[in-house]
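Okay, so here's the structure we're looking at.
Derivation of every value follows stated rules applied to the coordinates shown; laboratory data play no part. It should be emphasised that the depicted structure is a prediction, and the values quoted were computed from it without experimental measurement. For neighbour counting, all protein chains shown are included, and Cβ atoms are generated from backbone atoms with ideal geometry for every residue, glycine included.
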Amino acid sequence: MSSLSPDLIIFDFDGVLCASETFTVDAIRDGLRGFAELVGVPVEQPSDAVLLNTLGYSSHDSYPPLLPAAVRDRWREMHRLTLDAMVRRVREMGRWGCLYPEIPALLDDLRADGRRLALASNCSTRYWEVHREVHELDRWFSQQWHLQSSGISHKGQMVERILAADPPQRGAVLVGDRASDAAAARNNGLPLIASAYGFGSPEEWPDAAQVVADRAELRRALGL
């Protein structure tokens, strides 16, 4: 595997740094149960595969289809209940508890090598804030953007702002696992390292510069 050695690395979060499957499926199920009680309408519990497929997408795209058509316009209430459950579970798991085990050392080593790190995630402010606090993300990342950041409507804008605020000297790369990551990289002229251990599929990143099967391959792809 060839390696890249950019001085600016932009990471997606879920499915790249965070093993979101360890808490999100149960949290979404909690949210669906709570929503059913709230609205007084039966809500089907989808399969784990269906729930895992929501990861990496915006809540606006992923949550309404989980609800009966008659109450689909109230998806924000289900989202709030799901976020309550996610926040609780992330706090219970504790510091670095839902990060992939190899990630803290990888990020430490990248920073020690002089790399600048940024984050771009299709998540909400509340989801981001609990991870930022529990995992002490400020120690690694100088820029952190999410879908509810001011003036942001898609990931390509996050990447554009990261590049404008911190122009790379030796190039930049985006690491992600979804089609939105591939589009953000393409539209900003960056190579994509696709995380095959995440939640996306090869059809979502056909033009990836590299595909990594695990965090060891990611480390090598980034020149460590």
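Find the Rg to Rh ratio for region 21-93, where Rh is the Kirkwood radius over alpha-carbon pairs and Rg uses the same atoms.
Details: Rg = 11.3 Å, Rh = 12.2 Å.
Ratio of gyration radius to Kirkwood radius for region 21-93: 0.93.
Of the beta bridges DSSP finds with both residues in the chain, what % are antiparallel, to the nearest 5? Could you put the intermediate results ahead of the total?
On the way: 1 of 21 bridges.
Of the beta bridges lying entirely in the chain, close to 5 percent run antiparallel.
Report the Cα centroid-to-centroid distance between region 34-110 and region 190-224 in angstrom, as an integer.
Centre-to-centre distance over Cα atoms comes out at 24 Å.
With θ set to phi - 60° and the Karplus curve 6.51 cos²θ - 1.76 cosθ + 1.60, what are the ³J(HN,Hα) couplings of region 202-216 in order, to the nearest whole Hz, using x for Gly and Pro?
Here the 3J(HN,Hα) series is x, 5, 7, 9, x, 9, 4, 5, 8, 10, 10, 8, 7, 6, 5 Hz.
For VAL211, list long-range residues whose amide hydrogen, built 1.01 Å from N in the peptide plane, is under 5 Å from its own amide hydrogen.
It is ALA194, by chain and number.
Residue separation times 0.36 nm, minus the C-alpha to C-alpha distance between ARG72 and ASN187: what's the value? All intermediate terms of the calculation are to be shown ahead of the outcome.
Working: separation 115, 0.36 × 115 = 41.40 nm, distance 3.25 nm.
Residue separation times 0.36 nm, minus the Cα-Cα distance, leaves 38.1 nm.
In nm, give the distance between the simple-model label positions of ARG132 and ASP26, each being 7 Å from the Cα along the Cα-to-Cβ direction.
2.6
Once Cα Rg over 2.2 N^0.38 Å is worked out from the coordinates, which option in (i) 1.24; (ii) 1.14; (iii) 1.02 does it equal?
Computing Cα Rg over 2.2 N^0.38 Å and matching it to (i) 1.24; (ii) 1.14; (iii) 1.02 gives (iii).
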